[in-house]
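Please read the structure below before turning to the comments.
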């Protein structure tokens with residue numbers, strides 16, 4: 001339902017607001033390039049203001065001074081139709097008065113910003129200086145403005161806004177209508193393309209060059225050498241598998257990033273996930289004379305711990321993504337832990353505080369060489385490796401912890417990393433409980 005605490009001014013402006021929103025849709029789909037979007041926006045605004053003028057003419061009055069039913073009914077029907085158009089627009093639209101107070105918001109605006117506060121300053125809904133400055137310029141009498149800004153939060157969103165002047169107040173003082181378009185996916189796609197060119201192409205170049213070199217050798221000097229052929233084919237298989245892992249991780253990371261701003265809605269039994277992973281990765285651990293221990297005491301003092309995996313409270317999440325997250329962490333612990341040592345998984349509950357809802361903490365602990373402290377802040381960057389040669393030898397792509405970070409961003413969780421050189425590392429994942437996440 002539309003919010004409108006000024007029924008007369010709000011309903012009379014619905015025509016201009018709806019058409020400005022439709023014009024903005026054409027602007028957004030046109031790619032924000034001149035001159036076509038500007039022409040569409042201009043035509044929409046002119047048409048909207050013209051319709052507003054027609055709706056604003058005095059209705060026919062009866063002998064006693066009232067509005068005749070025959071003339072009021074068509075106008076009311078037109079207003080209802082325009083209200084339905086605005087309510088059905090996929091673009092978020094806000095109406096503000098001369099004091100920059102929000103007087104109207106459509107359902108799409110509620111979906112983007114949460115419940116919009118009517119009769120409150122715009123900054124109570126969207127707090128960003130670029131938007132506020134653009135709105136102020138329009139309210140001061142300038143022509144329509146466009147701006148783009150980043151909306152901070154658990155998951156950053158890039159928004160573009162179009163602001164057009166419009167007479168929304170009963171006293172004729174100018175107000176404005178603000179239409180938003182979510183550019184997050186467009187920017188993510190641009191960034192992923194740039195990352196692929198800058199990073200993935202470099203990572204693929206080495207194994208690809210190796211494959212080409214070995215193929216040329218097998219076609220030439222080693223054509224009739226069975227021993228060399230077997231050795232080279234083994235190396236070629238390793239390089240091809242490395243490329244396959246890299247491409248699989250890149251595709252997985254892309255899928256996660258595209259949905260990062262939409263938190264999952266399911267409840268996940270994390271105990272069952274961890275028990276399944278421990279069974280699936282047991283053979284890999286055995287190859288290095290290692291074991292996977294579930295339900296060990298918490299590594300943090302005073303936190304206790306949950307020993308039985310079937311006693312873990314459910315968390316809000318996507319089961320497949322959380323499985324991938326903990327598989328990456330446990331596989332890393334197996335790779336980088338010392339042979340003959342255990343990989344431990346500890347779980348405990350973190351109570352709600354004023355700034356944080358109740359969380360479930362899961363720590364994956366290895367007894368390896370540890371990580372120097374200066375590397376810890378960069379571990380979740382794409383393709384960042386502490387020891388590049390060792391990581392490649394162990395089959396790492398440099399994307400595992402980046403995938404962990406983006407999965408946690410989507411789940412509104414967080415990751416803490418602690419490591420002591422010579423003793424090992426702790427990767428602690430914090431996830432909101434299913435009952436706590438709205």
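The values are calculated or read from the model by the stated rules, or taken from the named source; none is laboratory data. Remember, predicted model here, so these are calculated numbers, not experimental data. Counting neighbours? That spans all protein chains shown, and the Cβs are built from the backbone with ideal geometry, glycine included.
Please work out if residue 327 is within 16 Å of residue 411 (Cα to Cα), surrounded by 13 or more Cβ atoms within 10 Å (Cβ to Cβ) and in the same structural domain as residue 434 (by TED's automatic domain parsing). First the steps, then the outcome.
Values: within 16 Å of residue 411 (Cα to Cα): no; surrounded by 13 or more Cβ atoms within 10 Å (Cβ to Cβ): yes; in the same structural domain as residue 434 (by TED's automatic domain parsing): yes.
When the stated conditions are applied, residue 327 does not pass them.
The set of residues from the stretch 225-268 being over 23 Å from residue 203 (Cα atoms) and in contact with a helix residue (DSSP H, G or I) (Cβ under 8 Å, 6 or more places away or on another chain) comprises 228, 229, 259, 260, 261, 262, 263, 264, 266, 268.
If I ask for residues that are touching a residue at least 24 places away in the same chain (Cβ under 8 Å) and under 28 Å from residue 262 (Cα atoms), which ones from the stretch 111-121 would you list? Matches in the stretch 111-121: 112, 116, 118. Just for helices (runs of 4 or more DSSP H) wholly inside the stretch 171-284: which have at least 3 residues that are in contact with a strand residue (DSSP E or B) (Cβ under 7 Å, 6 or more places away or on another chain) and in contact (Cβ under 8 Å) with a residue 60 or more places away in the chain? Counting at least 3 such residues, we get 270-280.
Which of the residues belonging to the stretch 86-105 are over 23 Å from the mean Cα position of the chain (by Cα) and outside any strand (DSSP E or B)? Listed by number, the residues that qualify are 86, 87, 88, 97, 98, 99, 100. For the stretch 408-423, a residue qualifies if it is more than 25 Å from residue 342 (Cβ to Cβ) and out of contact with any strand residue (DSSP E or B) (no Cβ under 8 Å at 6 or more places or on another chain), and the qualifying residues are 409, 410. Quick one: is residue 117 over 26 Å from residue 186 (Cα atoms), assigned to a loop (DSSP other than H, G, I, E, B) and under 28 Å from the mean Cα position of the chain (by Cα)? Answer is yes for this residue. The set of residues in the stretch 120-160 being surrounded by 13 or more Cβ atoms within 10 Å (Cβ to Cβ) and in a loop (DSSP other than H, G, I, E, B) consists of 125, 126, 128, 144, 154, 155, 156. Out of 180, 214, one residue alone is surrounded by 16 or more Cβ atoms within 10 Å (Cβ to Cβ), under 23 Å from the mean Cα position of the chain (by Cα) and either over 20 Å from residue 402 (Cβ atoms) or at pLDDT below 85 (or both). It is 180.
For the stretch 314-425, give me every one of the helices (runs of 4 or more DSSP H) that falls completely inside it and has 3 or more residues that are more than 30 Å from residue 289 (Cβ to Cβ) and modelled with pLDDT of 90 or more.
Numbers: elements: 319-336, 388-393, 400-410.
Helices (runs of 4 or more DSSP H) meeting the threshold: 319-336, 400-410.
Residues in the stretch 285-313 that are in contact (Cβ under 8 Å) with a residue 40 or more places away in the chain, within 13 Å of residue 273 (Cβ to Cβ) and outside any strand (DSSP E or B): 312 only. How about the stretch 301-319: which of its residues are surrounded by 13 or more Cβ atoms within 10 Å (Cβ to Cβ) and under 14 Å from residue 345 (Cβ atoms)? 305, 306, 309, 312 - these are the residues of the stretch 301-319 that are surrounded by 13 or more Cβ atoms within 10 Å (Cβ to Cβ) and under 14 Å from residue 345 (Cβ atoms).
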